[in-house]
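I have placed the structure first, in the form of structure tokens, so that the comments after it can refer back to it.
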Amino acid sequence: MSDPNARLRFITFEGGEGAGKSTQVELLAGRLRAYGHDVVTTREPGGSPEAEKLREIILSGKAKDFGAFAETTLFSAARIDHLRTTIEPALARGSWVLCDRFLDSTRAYQGALGNLDPRILKALERVVVGNTMPGLTFVLDLPPEEGLRRAQMRSRGHAPDRFEAEQIDYHRSLRRAFLDIAAAEPDRIHVIDALMTADRVADIVLAQVAAAYGLEMV
Ligand code: Z5A
């Protein structure tokens, strides 16, 4: 019988804008594949055809005026579909799942910054995510000025989305929120200094994955 306390091979990357989450998802996927592992990479909001449709609505800012609770229900609807059609089938096949943002983003953006009642957040986590909690989460920590600079460099010419358009104080509070969330769950959530080069960050991520899951990587 499988150990119910075993960590799911479900790893999430969190942090502010431009912290390097997408970059690290791809670097870790490449490294795990090089050791013969099957890996699915995905993202939130989105990660399944239906959830990607909701992503467009959310990031356009059309839902912002409805308030944090309504926005959270959209993230939750997208997450339900993402879990059911992408994440859970991949885990059941024995694949690793590496996800760019997941429920800790809801805790930070809608919870800490949107002032959503923590009881609502908890209840939603219970019904939406249930036991499919990430086995390991990396918070890529960066001064927001640097993250926004990187995000702007990457998306030169594109209008900022609903969240990128917020003021710098918002992004500072967001950084603090992710650090607090990490401090509350030190076994699952590891904070990494994202000012290091992407390769250096990837080396640390791989070492922590190997340690957490007892992988032999030689
Ligand atoms: N959101 C929410 O409110 N609630 C929720 O529950 C969820 C999400 C799930 C999704 O936006 C938005 O949804 C998000 C929160 C909200 N807010 N915003 N905006 P998104 O997915 O479009 O954006 P993002 O998640 O913030 O990702 P990003 O801006 O694409 O950044 P990233 O993935 O962390 O970074 P990157 O693309 O890997 O790297 C950015 C650039 O920096 C790129 O040119 C890289 O080559 C470069 N880079 C990466 N690493 C390094 C290092 N180490 N050094 C130097 N340069 C680097």
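The values are calculated or read from the model by the stated rules, or taken from the named source; none is laboratory data. Please read all numbers here as calculations on a predicted model, not as lab measurements. Please note: Cβ atoms are built from the backbone with ideal geometry, for glycine as well, and neighbour counts cover all protein chains shown.
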- prompt: Is there a residue in region 186-200 that is more than 9 Å from the ligand (Cβ to nearest atom), out of contact with any strand residue (DSSP E or B) (no Cβ under 6 Å at 6 or more places or on another chain) and among the aliphatic types (A, V, I, L, M)?
  reply: no
statement: The condition of being within 16 Å of the ligand (Cβ to nearest atom), crowded, with 17+ Cβ neighbours inside 10 Å, more than 18 Å from the chain's Cα centre (by Cα) and over 30 Å from Tyr35 (Cβ atoms) holds, among Leu116, Leu174, only for Leu116
- prompt: Inside region 40-58, can you point out the residues that are over 21 Å from Asn131 (Cβ atoms) and not in a helix (DSSP H, G or I)?
  reply: Thr41, Arg43, Pro45, Gly46
task: Would you tally the residues in region 74-113 being over 19 Å from Leu140 (Cβ atoms), of a type in the set (S, T, N, Q) and within 17 Å of the chain's Cα centre (by Cα)?
output: 3
task: Could you tell me which residue of region 61-74 is modelled with the lowest pLDDT, considering only residues that are over 10 Å from Gln110 (Cα atoms) and in contact with a helix residue (DSSP H, G or I) (Cβ under 6 Å, 6 or more places away or on another chain)?
output: Ala63
- request: Could you please find all residues in region 59-89 being away from the ligand (no atom under 12 Å from the Cβ) and closer than 14 Å to Met133 by Cα?
  value: Ile80, Leu83, Arg84, Ile87, Glu88
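So in region 90-106, with the set limited to residues that are part of a helix (DSSP H, G or I) and more than 14 Å from the ligand (Cβ to nearest atom), which one is farthest from Leu116 (Cα to Cα)?
Ala92
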